[in-house]
1. Only helical DSSP H runs with n ≥ 4 go in: add -39500 (n - 2.57) per run for the chain, normalise by residue count and round the 222 nm mean residue ellipticity to 500 deg cm²/dmol.
2. With label points built 7 Å along Cα→Cβ from the Cα atoms of Ala13 and Asp179, find their separation and express it in nm.
3. Between Asp120 and Asp242, how many nm apart are label points set 7 Å from Cα along the C-beta direction?
4. Subtract the Cα-Cα distance of Val134 and Asp153 from 0.36 nm times their separation in residues, and report this length gain in nm to one decimal.
5. Enumerate by residue number the trypsin sites (Lys or Arg not before Pro) in region 4-81 meeting two conditions: DSSP loop (anything except H, G, I, E, B), and at most 13 other Cβ atoms within 10 Å of the site's Cβ.
6. Among 101-107, 158-164, 194-200, 225-231, how do they line up by average Cβ neighbours within 10 Å per residue, starting with the highest?
7. Can you pull out the GluC sites (Glu not before Pro) in region 48-129 that DSSP calls coil and that have at most 16 other Cβ atoms within 10 Å?
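FYI, it's all coordinate maths here, none of it is from the lab. Computed from a predicted model, the values in this text were never measured in an experiment. We place every Cβ from the backbone using ideal geometry, glycine too, and count neighbours over all the protein chains shown.
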Amino acid sequence: MRIAVAQLAIEPAMRTLTFQRALRAIDAAAETDPSPDVVLLPAFCDVPEVLAGNTEIVERLAGPTVAACGLRARHWGVFVALGFAEQGPREPYVTGVLLDNDGDVCVAHRQRRFSMMSGDGFSTGTDVCAADVVLGRLAVLTGDDVLDDEAWDAAARAGAAVILGTTCWGRGQGKQSMDVAAVRGQIADHAKHYGLPCAVADVMASDANAALTFPGMSTIANADGRILAAGEIGEATILWGDLDLQPASPTTIEDAE
């Protein structure tokens, strides 16, 4: 499976500009020859705003961001994964979505654990995170679930062939200090332990004077724990990786629950 991982430059105060950059990243990756099977975006839509205390502007799952990315997926014939702040019953979820090459939602995973990023202002999700598609059984993990043993164990027991992580990791959130090398080491360790390749798309923002900063920790790790690609700190970029997916186990998602 060929994957393109976008480390996206966000502008928390300029929602439309960030959205346009995300769509351009899909186009830039998809028009490459050979084209990717999956374009992976970070949790860019409204998550930084909620982390900064603004919970008023969030979307439904069938909202404009998912719809627009779905149109791009269908236009280019690629899968697209992304994260956004989704309306919840009280507080929003951090939701990771996988869209197939027809633009349809095939996975919607709502973040369960908040260990490094602040959970203030967010609801906790409980959804299944994997689904069978033409590429194999793909799992989507959102935010700190990418670093969580229980989330990886659930995905492995569900027979996932790869982990797609969509994140919005910032410094200054009142949680643990986020050391980039340590985070990437955890990703690589999980990939090796579970024998699953993992790609993580993270946001970055260059405003060093902001109370909440986003260095960018995008990473692609092979199933043996080798890091195949890593985004430069503070740089918007597209990472590429060719991942060998093992056949999914016969364990069903329902059994894994």
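1. -7000 deg cm²/dmol
2. Going by the 7 Å Cα→Cβ label model, 3.3 nm.
3. A separation of 4.7 nm, rounded to one decimal place.
4. Values: separation 19, 0.36 × 19 = 6.84 nm, distance 2.29 nm.
Length gained between Val134 and Asp153: 4.6 nm.
5. Arg60
6. With the highest mean Cβ count within 10 Å placed first, the list reads 158-164, 194-200, 225-231, 101-107.
7. Filter output for region 48-129: Glu56.
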